[in-house]
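*Asks:* Below is one structure. I have some questions about it.
Just so you know, all these numbers are worked out from the coordinates, no wet-lab data involved. Note that this is a predicted model, so its numbers are computed, not measured. Reconstructed Cβ throughout: ideal geometry from the backbone, glycine too, with neighbour counts over all protein chains shown.
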Amino acid sequence: MALTTIEKRVMRWPAAKRVALAEKLLDSVDFASRELKQLWEMETARRVAEIENGEAVGISSKVVFSRARRKLSEARRLSQARSRRTG
């Protein structure tokens, strides 16, 4: 089955089902080497320490997700506009 056919079918699924599929697909890909994973763990620990020491301020998940949704919406809008121009 062609990728475009699969994509069209999946895009008709409810959001929760698409998210579940996306998570499974991402989990199936090994993005990080052991070294990269360790570097991210060190970076995470550093950021947590900065917040705990008052050197940095965290951002609530409500704000983070609101910003992410806004950016995704804008990206989709631009992508759709680009698709209409290129036909």
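*Asks:* With everything on Cα atoms, drop me the angle between helix 15-27 and the longest principal axis of the chain, reported from 0 to 90° to the nearest 10.
*Replies:* 60 degrees
*Asks:* If you work out log10 I(q)/I(0) by the Debye sum over Cα atoms at q = 0.13, 0.21, 0.22 Å⁻¹ from the coordinates, which of [x] -0.79, -1.20, -1.20; [y] -0.38, -1.03, -1.13; [z] -0.60, -1.01, -1.05 do you get?
*Replies:* Correct label is [x].
*Asks:* I've got another one for you. Tell me the label-point distance for the pair Gln80, Trp13, using the 7 Å Cα-to-Cβ offset, in nm and rounded to one decimal.
*Replies:* The modelled label-to-label distance comes out at 2.1 nm.
*Asks:* If you stretched the chain out fully between Arg47 and Ser60, how much longer would it get, using 0.36 nm times the residue separation minus the C-alpha to C-alpha distance?
*Replies:* 3.2 nm
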